[in-house]
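Worksheet: one structure, shown below.
Every number in this text was worked out from the coordinates using simple rules, so none of it is lab data. This structure is a prediction, so every number in the text was calculated from the model and none was measured. Backbone-built Cβ (ideal geometry, glycine too); neighbour counts: all protein chains shown.
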């Protein structure tokens with residue numbers, strides 16, 4: 001039971017970190033974002049559709065996919081992110097948050113790292129933050145494609161789509177976000193796998 005509540009806590013912390021990073025590092029510099037948030041930014045810029053609304057709708061669709069292909073338990077934990085992430089985004093959108101750094105390069109690096117940490121916390125809790133994480137977990141389960149690799153490919157595609165309204169410099173910053181996010185997720189998911197293996201071996205020895 002304690003482990004169950006600790007996982008819920010980590011999922012909430014992860015979603016807060018991702019939402020806060022987007023609003024404080026990515027959005028102020030118009031840096032291209034990836035994942036479902038990136039799709040939301042595209043629709044926001046082209047059609048003035050609120051970011052939080054797009055994220056909510058897409059997360060609901062992907063939650064249904066998770067339920068069908070990954071099972072009830074996994075989908076239930078991911079459901080928390082499906083609704084909490086858009087809510088945290090909406091909250092941070094309304095807060096008068098100050099600009100942390102005037103440098104878009106530092107913002108891209110820090111934003112990517114914090115997004116990766118948040119996503120890593122959620123994945124280590126056997127859930128997803130919704131969005132494309134669901135597709136990546138499905139690909140990992142059925143085709144053994146590493147989560148960080150498929151996320152990297154998806155994110156690059158979404159970054160390139162944002163050329164419709166952004167310039168080359170923003171693409172570079174967006175790719176920095178994607179790369180730093182991917183590296184942090186890779187570290188955290190591999191660390192989890194290593195820790196699980198060590199625990200299993202320890203139990204076998206006893």
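A few remarks follow.
- The chain - mean residue ellipticity at 222 nm from DSSP helices (-39,500 (n - 2.57) per run, n ≥ 4, rounded to 500): -27000 deg cm²/dmol
- Pair-distance distribution P(r) for the range 2-200, from all Cα-Cα distances in 5 Å bins starting at 0: 1, 8, 16, 22, 22, 16, 8, 4, 2, 0, 0 percent.
- Comparing mean-square fluctuations of 17, 157, 113 from a GNM of the chain with C-alpha springs under 10 Å, the top value falls on 157.
- Computed label-point distance, nm, for sites residue 141 and residue 46 using a 7 Å Cα→Cβ extension: 3.0 nm
- Modelled this way, with points 7 Å down the Cα-to-C-beta line, the labels at residue 187 and residue 165 are 3.3 nm from one another.
- Extension gain for the segment residue 172 to residue 100, taken as residue separation times 0.36 nm less the Cα-Cα distance, is 23.9 nm to one decimal.
- Between residue 68 and residue 83, the modelled labels are 2.2 nm apart [label points 7 Å from Cα along Cα→Cβ].
- Each Cα pair under 8 Å and six or more residues apart adds its separation to the average, and for the range 2-200 the resulting relative contact order is 32 percent.
- Alpha-carbon centroids, the range 153-183 and the range 28-89: separation in whole Å: 18 Å
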